[in-house]
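Q: To start, I am sharing the structure in question, which I have written as structure tokens.
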Amino acid sequence: GGRRRSEEEVDAFELSEQEEIDLVRGKAAPPPTKLLLLLRTVADVGFVGFPNAGKSTLLNALTRARATINSYPFTTLMPNLGAMVPSGGEGGGGGGGGALLADLPGLVEGAHAGRGLGRQFLQQLRRVKVVLFVLDTTCAEVDVGEQYAILRRELQLYNPDYLARPHLVALNKLDTLLQAEG
């Protein structure tokens, strides 16, 4: 045996001594317990943008990840992770390595209030160190300035602490825009 814990140290999942004896002797089964476990993405950089902003394409270009890419909204329903390879190559050895990037599902206006799967998507930012706003320069409905304002507002309304984190802005699909303009 180990030392006996005081009453304050006993947790809700610990069995009493008699319950342990009964369990070992097959006399009683512990009561069923339902647990909801939530795994939050841990990443250095989290990509935030509207659906079809090109977040998965950017992740695939920067890492060896192979996130699914399609031309319809909400292709990404769960975060995709990819590690950047350091400029020296494989990054083996000392545990250093490149930044871990997270392609998060697209947000829509009203996500903070639960529109779509917004709250589930927004909670993924809790364990992200830097926010990268990925803005679609080819979007005809909402210009990049308004995209940025909407995304920041959604983060502010869901969790103001998200805006206190360092952030970057990526203007995505510029190649497509420049080709279209000639």
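Q: Considering each residue of the range 162-179, count those that are small (G, A, S) and surrounded by 12 or more Cβ atoms within 10 Å (Cβ to Cβ), and give that number.
A: Looking only at that region, the number is 1.
Q: Considering only the range 125-182, state which residues are outside any loop (DSSP other than H, G, I, E, B), at pLDDT below 95 and hydroxyl-bearing (S, T, Y).
A: If the condition is that a residue be outside any loop (DSSP other than H, G, I, E, B), at pLDDT below 95 and hydroxyl-bearing (S, T, Y), then Y158, Y162, T176 are the ones that fit.
Q: Of all residues in the range 123-152, which are of a type outside the set (V, I, T) and free of Cβ contacts under 8 Å to residues at least 40 places away in the same chain?
A: A140, E141, D143, G145, E146, Y148, A149, R152
Okay, residues lined up against (1) small (G, A, S); (2) closer than 24 Å to L62 by Cα; (3) exposed (fewer than 13 other Cβ atoms within 10 Å of the Cβ):
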site	(1), (2), (3)
K129	no, yes, no
D136	no, yes, no
Q147	no, yes, no
I150	no, no, no
Q156	no, no, no
P160	no, no, yes
E181	no, no, yes
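Q: Going residue by residue through the range 3-18, is there one that turns out to be open to solvent by less than 70 Å² (accessible area, probe 1.4 Å), modelled with pLDDT of 80 or more and closer than 30 Å to T137 by Cα?
A: No, because not a single residue in the range 3-18 is open to solvent by less than 70 Å² (accessible area, probe 1.4 Å), modelled with pLDDT of 80 or more and closer than 30 Å to T137 by Cα.
The values are calculated or read from the model by the stated rules, or taken from the named source; none is laboratory data. Note that the coordinates shown come from a computational prediction; the quantities given were computed from them, not determined experimentally. Quick reminder, even Gly has a Cβ in these numbers, built from the backbone with ideal geometry, and neighbours come from all protein chains shown. We work out accessible area using only protein heavy atoms, side chains counted, and drop any ligands, DNA or RNA first. Shrake-Rupley method; radii C 1.70, N 1.55, O 1.52, S 1.80 Å.
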